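The values are calculated or read from the model by the stated rules, or taken from the named source; none is laboratory data. Nothing here was measured: the structure is a model prediction, and the numbers come from that model. Don't worry about glycine lacking a Cβ; one is built from the backbone with ideal geometry, like all the others, and counts go over all protein chains shown.
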Amino acid sequence: MVLTRNQAIAAATMLAAVQVAALYALDQPFTAPGGIALWEGDVYSPRMSQQVSDWYSFSHIIHGFLFYGLLHLLAPRLSLPARLLIAMGIEIGWEIAENSPMVIEAYRRQALAAGYAGDSILNSVMDTVMMASGFWLASRLKVRTTIALAVAMELFVCVMIRDNLTLNILNFALPSQAVHDWQSQRAP
C-alpha cells in the first residue's frame, strides 16, 4: 500500500480527530487546570499526565520503537507511512482505553497512580506524537541502537521515579505488593 504524502497527513489528522473526540466524550479536560507546561516532573503531582510531556513520555517513545519493529516484521510490504498510521491507530486505541473509567480505576490501585484521573486531551495527543517520534527514530536507527536507547530510557526513568513501561505493564497485568511497596517510597 502506497500513500501519497497528502493522504498520509489527512489520515493522521483524522485519527487525531477521533482521539480528541473520544477523549472529549469521556469527559477528559483539554488541558491541566492552571495552564499548560512543557514538562511535569513531579510524579505525585495532579498535573502528571496533564501536560505536554512527563516521565511517561519516554514510554510512548518506546511504544513507537516496538510498533516500528513489529510492523516491520509483520507487514514489510506496507509503506512506512501506512505502518505509521497502523501504529497511530493502535496507540490512539490504547489512549482511549487508558482514559476509560475501568482502566483509570485499575491504574489507581498502583502506588504512583493513586490520584490518577486520566490524561488531559493535550497530554494524550502528545503521547501519540511521542509514539510517532519513536517510530520515526526507529526507522532511521540501527536495531541495536534502538534497543540500547529503549533500555537506557527504561533504566533512567526507573531510577528517577521508580516506574517505567515494564513496571507499568507488570503492575497492570500482575500487581505485586513488593513492587507497590518499593514504588510507594519516594523516588531518589
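Within the stretch 34-44, which residues are without any contact (Cβ under 8 Å) to a residue 12 or more places away in the chain and within 18 Å of the chain's Cα centre (by Cα)?
Start the filter on the stretch 34-44 by keeping residues that are without any contact (Cβ under 8 Å) to a residue 12 or more places away in the chain, which leaves 35, 42.
Residue satisfying the conditions is Asp42 alone.
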Inter-residue pairs, beta-carbon under 6 Å, first on the phi > 0 side of the Ramachandran plot and in the stretch 76-100, second among the aliphatic types (A, V, I, L, M) and not in a helix (DSSP H, G or I), 6+ apart:
none
Checking Asp127 against (1) charged (D, E, K, R); (2) surrounded by fewer than 19 Cβ atoms within 10 Å (Cβ to Cβ); (3) within 23 Å of Val151 (Cα to Cα), which test does it fail?
(2)
Condition test on Ala150, is it at pLDDT below 95, among the aliphatic types (A, V, I, L, M) and touching a helix residue (DSSP H, G or I) at 6+ places or on another chain (Cβ under 8 Å)?
no
State all residues of the stretch 74-89 that are more than 12 Å from Ala132 (Cβ to Cβ) and of a type in the set (D, E, K, R); if no residue qualifies, say none.
Arg77
Limited to the stretch 1-33, what total is found for residues that are under 19 Å from the mean Cα position of the chain (by Cα), over 12 Å from Leu122 (Cα atoms) and β-branched (Val, Ile, Thr)?
2
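Answer yes if at least one residue in the stretch 135-147 is β-branched (Val, Ile, Thr), surrounded by 13 or more Cβ atoms within 10 Å (Cβ to Cβ) and touching a helix residue (DSSP H, G or I) at 6+ places or on another chain (Cβ under 7 Å), and no otherwise.
Taking the stretch 135-147 as the starting set, the residues that turn out to be β-branched (Val, Ile, Thr) are 143, 145-147.
Applying the additional criterion that residues be surrounded by 13 or more Cβ atoms within 10 Å (Cβ to Cβ) yields 146-147.
Then drop every residue that is not touching a helix residue (DSSP H, G or I) at 6+ places or on another chain (Cβ under 7 Å), which leaves 146.
Checked the stretch 135-147: at least one residue is β-branched (Val, Ile, Thr), surrounded by 13 or more Cβ atoms within 10 Å (Cβ to Cβ) and touching a helix residue (DSSP H, G or I) at 6+ places or on another chain (Cβ under 7 Å).
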